[in-house]
Structures are given as C-alpha cells and as structure tokens.
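Note sheet for the following structure.
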Amino acid sequence: MKVASLFSGIGGIDLGFKNVGFDVVWANEFDHGAATTYRTNFGDDYLVEADIKTVEADSIPDFDVLAAGFPCQPFSIAGRKKGFDDPRGNLFFEIVRILETKRPPIVFLENVPNLMEHDEGRTFNIIHNALVELGYYIRYKVLDAKDYGNVPQQRRRIFILAFLNLEKCQQFTYPEPIKRTVQLNDIIDRRIKHDDCYYYTANSFYYDDLQRIVTDKYSLYKIEDRGVVERKNYICPTLTANMGTYPDRVPIVRDDFGIRKITPMECLALQGFPKEFKFKGISLNSAYKQCGNTVCVPVVERIAREIMKVFLETKL
C-alpha cells in the first residue's frame with residue numbers, strides 16, 4: 001500500500017496516509033523551506049527536492065496511490081483566480097503526465113472548493129475529463145475541517161478521488177461529519193508568554209484598533225481589508241499562505257500578556273498536526289507560509305482510512 005506524493009509541502013497529506021498505515025515511498029517538493037521542514041520531520045530517504053517538470057516519470061518507484069495537493073493559488077477566491085493561465089495552474093498536467101506512465105490504481109487530489117466554480121466550471125471539467133480520458137472513475141466532495149477533522153478551523157477543501165476500477169470507486173465512501181471536541185482554547189493557552197516578536201506594541205500600525213476591539217480572551221480576531229474582525233463563533237478562519245507574506249494576516253488573540261499573533265506551532269495544531277512536529281532551520285515567515293499551504297491532517301487521515309478499506313476488501 002504505497003503512496004507517491006507530489007507538491008508535498010511539509011507533508012500534511014503524507015502524514016495523514018502514514019497514520020493509517022500507508023507507506024510513502026516517494027515525495028516531491030520544489031520549495032526549499034517546505035522541503036527543509038519535510039526532511040526535519042520525515043527524514044531524507046525518499047524526498048526529491050526538484051521542479052516536478054524535470055522529474056522523469058520512470059524514475060519514480062511503483063506505487064498504489066498518487067497523492068497531490070496541487071497548487072491552489074490560481075483557483076483560490078483569495079488569489080487572482082487565473083487558473084490555467086497561471087504557470088502554477090498548469091502544474092496539474094504534470095500529474096497527468098505521471099499518471100500516463102505509472103497508472104496507479106488510485107489518485108488523491110486536494111484543492112480549494114472554488115476549483116469547481118472557477119471559469120464557470122470549465123477548469124474543473126478539464127481536470128475531470130483529463131482523468132476520465134486516462135481511464136479513471138471520479139468521486140469528489142467538499143469537506144470542512146471543523147466538521148470532518150475535529151479542529152476549530154473553518155477550512156473547506158475539495159477532495160477528488162479517482163479509481164481505475166469502477167467497483168472500487170463505487171465501494172469508496174467519504175467520511176461522515178463528526179462532533180468537534182477540540183476547542184480553540186485547547187490549542188491556544190493564553191497563560192503562556194510567547195516570544196516578543198508575536199506581540200503588537202504601541203509602535204504597531206494597528207495598535208489602537210487592536211486595543212479597542214480585541215477584548216475577548218476566548219475569541220480570535222483577524223485583520224482583514226475592512227479592519228479588525230472578531231470571530232465570534234470561536235472558530236479560526238482559514239489559515240492562508242499569505243500569512244508568510246503579509247504578517248498582519250496571521251490570526252490574533254489576546255492573552256494574559258497582551259495582543260499577539262498566533263504562533264506557527266498553534267497554526268500547526270489548528271491543522272491537526274501532532275505536537276512533536278517541528279520547524280527547524282527556516283524563517284518565521286516561511287513557517288507561516290507553510291502552515292497556510294498545508295492540509296488538515298485528520299481530514300486526510302479519515303479519507304485515507306476509507307481508501308484503506310477499499311484496499312483491504314479485495315486486492316486492486
């Protein structure tokens with residue numbers, strides 16, 4: 001039960017599959033910072049740090065599942081929605097190129113939900129049709145991390161599953177929603193003093209607004225285009241990659257020591273990563289970017305468990 005991982009980032013998808021018992025035999029990541037974090041947590045045995053366009057499909061060891069959270073910025077509501085006109089959007093066809101050669105029984109793809117509506121649905125049709133032309137049967141569903149991952153983060157993502165075997169496609173079922181037991185304050189301990197770099201000071205541009213608005217020690221806030229906004233339902237908004245480019249886009253809390261941004265480790269916890277997962281040898285901005293670019297691990301794990309059931313019922 002082997003997995004090959006494309007656009008692996010820090011390994012959120014890989015971790016979800018590993019937690020269920022799959023063996024990740026090959027992974028690829030182009031961004032050096034993300035590759036550094038991947039190696040820090042998974043070792044350097046199988047990660048190939050390279051532009052996927054330079055990787056020969058025949059050089060990849062055989063596998064059962066191709067897993068890819070391919071770049072979502074070209075399709076995201078938060079981005080410019082350029083789709084396949086953006087070079088990152090064209091990276092989907094690198095997946096197709098590898099599938100043409102390797103023909104794995106199952107494909108697992110993750111992206112933003114706006115993928116379905118982008119360009120009036122034409123983008124999703126291109127992806128769907130490309131997989132069908134390769135002989136795959138398709139299932140897809142949008143899942144929200146707060147409903148399917150037991151984390152206090154609103155994070156809607158589309159998960160596309162493709163099977164070479166129709167019977168296996170029909171056997172697969174997406175997980176059902178679960179009751180959320182993890183609360184925001186289970187992750188953010190406001191009694192702990194963090195490094196000064198996370199705290200807003202009187203010299204900060206937003207300081208006066210933050211002092212006036214950020215008053216609830218149980219809530220979470222975010223600076224948006226319209227100003228400082230409180231998340232009254234105690235659910236973190238979607239963590240985004242631009243936290244690494246625009247530091248003021250990092251969610252904000254008030255703790256016992258002041259008003260601060262949540263830390264990268266708290267971001268990881270909101271994505272369902274284990275406490276032992278760590279960053280090492282990268283900048284703070286890179287860490288925030290990686291947190292926003294990764295996936296909610298428990299959601300992937302639950303889907304992977306359903307894939308495992310299909311594997312175990314009969315050999316593909």
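Observations, loosely collected:
- Hits in the stretch 226-255 (condition: over 17 Å from V151 (Cβ atoms) and exposed (fewer than 14 other Cβ atoms within 10 Å of the Cβ)): R226, G227, K232, T245, Y246
- Residue match in the stretch 111-127 (condition: at pLDDT 50 or above, closer than 14 Å to F7 by Cβ and within 20 Å of the chain's Cα centre (by Cα)): yes
- Residue within the stretch 39-54 that is touching a residue at least 12 places away in the same chain (Cβ under 8 Å), small (G, A, S), within 24 Å of L312 (Cα to Cα) and surrounded by fewer than 19 Cβ atoms within 10 Å (Cβ to Cβ) present: no
- Within the stretch 196-225, the residues that satisfy the criterion of being more than 26 Å from the chain's Cα centre (by Cα) and either of a type in the set (V, I, T) or surrounded by fewer than 12 Cβ atoms within 10 Å (Cβ to Cβ) (or both) are D196, T201, A202, N203, F205, D208, R212, I213, V214, T215.
- Contact annotation: residue pairs with Cβ atoms under 7 Å, 6 or more positions apart or on different chains, pairing a residue in the stretch 169-183 that is more than 15 Å from E301 (Cβ to Cβ) with a partner that is β-branched (V, I, T), are Q171/V310; F172/I307; F172/V310.
The values are calculated or read from the model by the stated rules, or taken from the named source; none is laboratory data. Note that the structure is predicted; figures quoted are calculated from it, not measured. Counting neighbours? That spans all protein chains shown, and the Cβs are built from the backbone with ideal geometry, glycine included.
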